[in-house]
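Structure first, then comments.
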Amino acid sequence: MKDQLEKLTEDAFCEIEHVETIHDLNEKKASFLGKKSKLQEIMSKMKDLTAEARKELGLLANQFKIKVEEKIETKRKEIEDKAVLKKLEEEKIDVTLPGKKIKTGTLHPLMSIIEELEDAFIGMGYQIKEGPEVEEDLYNFEMLNLPKGHPAREMQDSFYINETTLLRTHTSPVQAHTLLEAKGKPVKIICPGKVYRRDADDATHSHQFMQCEGLVVGENVTMADLKGTLTHLAHTIFKDELEIRFRPSFFPFTEPSVEVDVQCFKCKGKGCSLCKGSGWIEILGAGMVHPNVLEMAGYDRNKYQGFAFGVGIERIAMLKYGIDDIRQFYINDERFLKQF
Ligand code: PHE
């Protein structure tokens, strides 16, 4: 039996040595030391031995148990260490590898025009205002000297939500909101934003587009101030000392009203295909705030004057960047957008 135990020790050491997982190791433990193990088999025969022999065998069995247990624990540690090393190896980070490039987009061309305008006007002490895109007829038309039934409403047919609410047709209703809020005090604002008109979409028209409104109200505000301001606007956008000119026009909320042209930035006024030979390009509508508008908002029409202008952002961007189709701005084609 002593020989059997020695043989068993050898077997146990050999088999445990070759084990590779904790699961297999536990199975080996059971098979060598457990209830149905070979050791138990040997021990069960002890009762047939002499007291002397039993003592000796008991001692040997105990030593066997201790040795095998030790071997198992060493192996367990070895397997666990290996697993940790493997995990470390797998999760190793090479900090010297180049990082993943995050694709950054570019500012939308319309937004970059708006930002340029905002910078320029903040620099002149203006505030940036916003107004609702779903607007009341009251602000979109009536407070702007366009009473119900006024023929000039036809110029700006829109999307009505109900009889008194519509998608704003221009940013001018922000004039009315701002003047009411200012309660008779001077005002200097610009307001960029989306506007909507029931236009058929084509290369130069869209049912939704962007404008930037400007409004200055105070004492002694003159048309010369309007011209100086718009000259600065043109210089800001076209990055050139271009001249501007006024042509008479009509808007119900300004009197006098003007269309504003800028000297063609391509030919500098000589005449080319862009300006159709005229040397000038129309960029916006403007005028002196109509006294009725001031009065409706609670201003003394004899004390206060103001000027206002409304510029189409798409139109400016198309001119500046030579874009021939307004729809390019809205279809989110990266090949187009990446160029700005
Ligand atoms: N609101 C006008 C339009 O959309 C533009 C404008 C604004 C004209 C302010 C004069 C003054 O056509």
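The values are calculated or read from the model by the stated rules, or taken from the named source; none is laboratory data. Since we're looking at a predicted model, the values are computed, not measured. Cβ atoms come from the backbone with ideal geometry, glycine included; neighbour counts cover every protein chain shown. Side chains included, ligands, DNA and RNA excluded: accessible areas come from the protein's heavy atoms. Shrake-Rupley method; radii C 1.70, N 1.55, O 1.52, S 1.80 Å.
If you check ASP137, ASP119 for being over 24 Å from ARG198 (Cβ atoms) and assigned by TED's automatic domain parsing to the domain that holds ILE189, only one passes: ASP119. Within the bounds of the stretch 117-129, is there any residue that is touching a strand residue (DSSP E or B) at 6+ places or on another chain (Cβ under 6 Å), away from the ligand (no atom under 16 Å from the Cβ) and polar (S, T, N, Q)? Yes, because at least one residue in the stretch 117-129 is touching a strand residue (DSSP E or B) at 6+ places or on another chain (Cβ under 6 Å), away from the ligand (no atom under 16 Å from the Cβ) and polar (S, T, N, Q). Restricting attention to the stretch 194-207, the residues that are under 25 Å from ASP119 (Cβ atoms) and more than 12 Å from the ligand (Cβ to nearest atom) add up to 1.
Screening the stretch 228-340 for strands (runs of 3 or more DSSP E) wholly inside it with 3 or more residues that are crowded, with 20+ Cβ neighbours inside 10 Å and within 16 Å of the ligand (Cβ to nearest atom) returns the ranges 254-263, 280-289, 305-312. For the stretch 147-165, the tally of residues that are at pLDDT 95 or above and either within 14 Å of the ligand (Cβ to nearest atom) or at positive phi (or both) stands at 0.
The residue pairs whose first member lies in the stretch 273-285 and is more than 15 Å from PHE238 (Cα to Cα), whose second member is surrounded by 13 or more Cβ atoms within 10 Å (Cβ to Cβ) and of a type in the set (D, E, K, R), and whose beta carbons are closer than 8 Å, counting only pairs six or more residues apart or on different chains, are GLY285/GLU259. Given the criteria without any contact (Cβ under 8 Å) to a residue 40 or more places away in the chain and part of a helix (DSSP H, G or I), does MET155 qualify? Taking the combined requirement at face value, the residue satisfies it. On the given criteria, is LEU215 open to solvent by less than 50 Å² (accessible area, probe 1.4 Å), assigned by TED's automatic domain parsing to the domain that holds ILE323, in a helix (DSSP H, G or I) and modelled with pLDDT of 95 or more? No, not satisfied.
Considering only residues that are hydrophobic (A, V, I, L, M, F, W, C) and surrounded by fewer than 17 Cβ atoms within 10 Å (Cβ to Cβ), look in the stretch 133-151 and name the one that is nearest to the chain's Cα centre (by Cα). Only one residue fits best here, namely VAL134.
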